[in-house]
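These notes are about the structure you will find just below.
The values are calculated or read from the model by the stated rules, or taken from the named source; none is laboratory data. All of these numbers come straight from a predicted model, not from anything done at the bench. Every residue, glycine as well, gets a Cβ built from its backbone with ideal geometry; the counts of neighbours run over all protein chains shown.
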Amino acid sequence: MTRFPHQRTSRRERSAFTLIELLLAIGAAALILGVTQAAFFSALRLRNTVSDAVDTAAPLELALDTLKRDLQCAVTPKSSGVLSGSFRAGTVNSVGTAQTVNLELFTSTGQLKAQEPWGDIQRVSYGLRNSTESGSQSLDLYRGVCRNLLSLSTPEVEDQLLVRNVSRIEVECFDGTQWIQNWDTTDTSSVNTNLPIAVRVRVLLGQPGAVRTDPIELLVPIDSQSRTNSTSTAGG
């Protein structure tokens, strides 16, 4: 049988890709790769944005929950004693804290532990301090916790960082008719010797002097009120 080489060559040439087909395949692959890369980086940017938003909101939510729990468990004031359960709001000088605070109260939110000699009543305070981050002009919200209320010397206060980048914190107390910014149950000259009926706290985020955003407001009703069982008798 006679074979024709030119026939085999033509079949081989017909089975190969042409230059135009290769260029079209490379262009399609590059287009698909570009679209996939754009979608991937868009998803990555969205994920980073959501992660930053969650990281920013989580400390604030935790701080508001802690503040709400402290206010709901506020201890009613007494006439005297170390565990008198005082409640003070405004510009307060708290024992064991170098800077003034905006709120100080006795609350029963302490955790009982066998290895620690104190109970569930503790004194907590909330105040702003200069940021510890270098170059930052913002303020940080701290919670000071004093558990050893029976200490004969200056009690130790544990500082807990709650929220960074806070511009201002406002505390108002409701006495039944109006909102009052200053409240001190230890002031014998004041008529507000009991716990307020409700407490409203506003937290403004951002650096001092910057454009202010809407404040974050927390309103907590106070159910605990001190009562007396003494009765008055009328003279005959």
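Of all residues in the stretch 28-74, those that are under 29 Å from Ile121 (Cα atoms), at pLDDT 85 or above and part of a helix (DSSP H, G or I) total 12.
Sort out which residues of the stretch 131-173 are acidic (Asp, Glu) and out of contact with any strand residue (DSSP E or B) (no Cβ under 6 Å at 6 or more places or on another chain), and write them in order of number. Let's see the steps before the verdict.
Quick first cut of the stretch 131-173, residues acidic (Asp, Glu) only: 133, 140, 156, 158-159, 170, 172.
Answer for the stretch 131-173, where residues must be acidic (Asp, Glu) and out of contact with any strand residue (DSSP E or B) (no Cβ under 6 Å at 6 or more places or on another chain): Glu133, Glu156.
The set of residues in the stretch 204-221 being modelled with pLDDT under 90 and either surrounded by 11 or more Cβ atoms within 10 Å (Cβ to Cβ) or of a type outside the set (Asp, Glu) (or both) consists of Leu204, Leu205, Gly206, Gln207, Pro208, Gly209, Ala210, Val211, Arg212, Thr213, Pro215, Ile216.
Looking only at residues that are touching a Leu at 6+ places or on another chain (Cβ under 8 Å) and not in a strand (DSSP E or B) in the stretch 148-176, which one is surrounded by the most Cβ atoms within 10 Å (Cβ to Cβ)? Residue satisfying both the conditions and the ranking: Leu149. Figure legend. Inter-residue proximity from the stretch 205-228: first residues in a strand (DSSP E or B), second residues exposed (fewer than 13 other Cβ atoms within 10 Å of the Cβ) and modelled with pLDDT of 65 or more, beta-carbon distance below 7 Å, spacing 6+ or different chains. Indicated pairs: Leu205/Thr213.
A quick yes/no check of all residues on (1) free of Cβ contacts under 8 Å to residues at least 12 places away in the same chain; (2) of a type in the set (S, T, N, Q); (3) closer than 19 Å to Thr107 by Cα:
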position: Arg123; (1), (2), (3): no, no, yes
position: Ser131; (1), (2), (3): no, yes, no
position: Asn148; (1), (2), (3): no, yes, yes
position: Ser151; (1), (2), (3): yes, yes, yes
position: Gln178; (1), (2), (3): yes, yes, no
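The sole residue among Leu105, Leu128 that is touching a Gly at 6+ places or on another chain (Cβ under 9 Å) and crowded, with 19+ Cβ neighbours inside 10 Å is Leu105. Only one of the listed residues (Ser79, Ser84, Ser94) is surrounded by 20 or more Cβ atoms within 10 Å (Cβ to Cβ), hydroxyl-bearing (Ser, Thr, Tyr) and modelled with pLDDT under 90. That residue is Ser94. In the set Thr132, Thr109, only one residue is under 19 Å from the mean Cα position of the chain (by Cα), modelled with pLDDT under 90 and closer than 25 Å to Glu172 by Cβ; that residue is Thr109. For the stretch 177-191, a residue qualifies if it is assigned to a loop (DSSP other than H, G, I, E, B), surrounded by fewer than 17 Cβ atoms within 10 Å (Cβ to Cβ) and in contact with a strand residue (DSSP E or B) (Cβ under 9 Å, 6 or more places away or on another chain), and the qualifying residues are Gln181, Asn182, Thr186, Asp187, Ser190.
The set of residues in the stretch 185-202 being modelled with pLDDT under 90 and not polar (S, T, N, Q) consists of Asp187, Val191. Trp183 - would you say it is hydrophobic (A, V, I, L, M, F, W, C) and free of Cβ contacts under 8 Å to residues at least 40 places away in the same chain? Judged against the criteria, Trp183 is not a match.
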